[in-house]
1. Given contacts defined as C-alpha pairs under 8 Å and at least six residues apart, what's the relative contact order of the chain, whole-number percent?
2. Could you pull out which residues in the stretch 85-112 have an amide N less than 18 Å from a spot 7 Å beyond the Cα of Asn35, following the Cα-Cβ vector?
3. Could you give me the ³J(HN,Hα) list for the stretch 49-64, computed from phi with Karplus coefficients 6.51, -1.76, 1.60 and θ = phi - 60°, whole Hz, x at Gly and Pro?
4. Taking the Cα centre of the stretch 1-59 as origin and charging only Cβ (+1 Lys, Arg; -1 Asp, Glu), how large is the dipole, in debye to the nearest 20?
5. Please list, by residue number, every one of the chymotrypsin sites (Phe, Trp or Tyr not before Pro) in the stretch 59-114 that is coil in DSSP and has at most 14 other beta-carbon atoms within 10 Å.
6. Restricting to DSSP loop positions (anything but H, G, I, E, B) with no more than 14 other Cβ atoms inside 10 Å of their own Cβ, which trypsin sites (Lys or Arg not before Pro) remain in the stretch 10-40?
7. To the nearest 20 debye, what charge dipole does the stretch 7-109 have about its Cα centre, counting +1 at the Cβ of each Lys and Arg and -1 at the Cβ of each Asp and Glu?
8. List every residue whose amide H lies under 5 Å from the amide H of Ile10, counting only residues 5 or more places away in sequence or on a different chain, with H placed 1.01 Å from N in the peptide plane.
Amino acid sequence: MIKLPNKLKIGAHDVKICYPYQFKERIDFMAQCDNDADEIRINAHDPGSVERPEVNILVSLMHELYHRIDNVSGHHVFDDNEKAICGHTEMMVQVLLDNPEFVELFLQDNKELT
Ligand SMILES: [Zn+2]
């Protein structure tokens with residue numbers, strides 16, 4: 001099972017990452033962003049109780065991260081456009097996986113960036 005961070009800092013918010021999360025009322029939920037609770041919840045299993053592939057977990061995290069950023073930033077461009085957010089997040093995960101040298105830019109101890 002992939003290890004995810006316990007929380008992500010998004011603007012002034014510390015967003016708790018609840019993974020693996022067991023949805024009680026909706027077994028078909030793969031992930032959810034609760035803006036009020038400042039939580040992102042991600043199911044480790046599909047509705048058939050099969051463990052989801054790690055890349056799907058990353059796509060779910062990115063998807064819910066986009067929702068939280070959209071809300072925190074106040075832009076709300078994805079509020080009524082699930083199709084767009086799905087397309088963006090799947091592509092963003094693929095770009096990051098395909099370009100590790102780009103990801104490394106964010107790992108450097110570069111005080112000029114912050
Ligand atoms: Zn969504």
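Throughout, read-outs are computed from the coordinates displayed, never taken from laboratory work. Nothing here was measured: the structure is a model prediction, and the numbers come from that model. Cβ placement follows ideal geometry from the backbone for every residue including glycine, while neighbour counts extend to all protein chains displayed.
1. Details: 123 pairs, mean separation 20.3, N = 114.
Taking the mean separation of contacting Cα pairs over the length of the chain, I get 18 percent.
2. Label zone hits: 85-86.
3. Calculated HN-Hα couplings, in order: 6, 8, 4, 6, x, 4, 5, 5, 5, 5, 5, 4, 4, 4, 4, 5 Hz.
4. So the magnitude is around 180 debye.
5. Phe106
6. Lys24, Arg26
7. Computed charge dipole of the stretch 7-109: roughly 220 debye.
8. Placed amide hydrogens put Val15 under 5 Å from Ile10.
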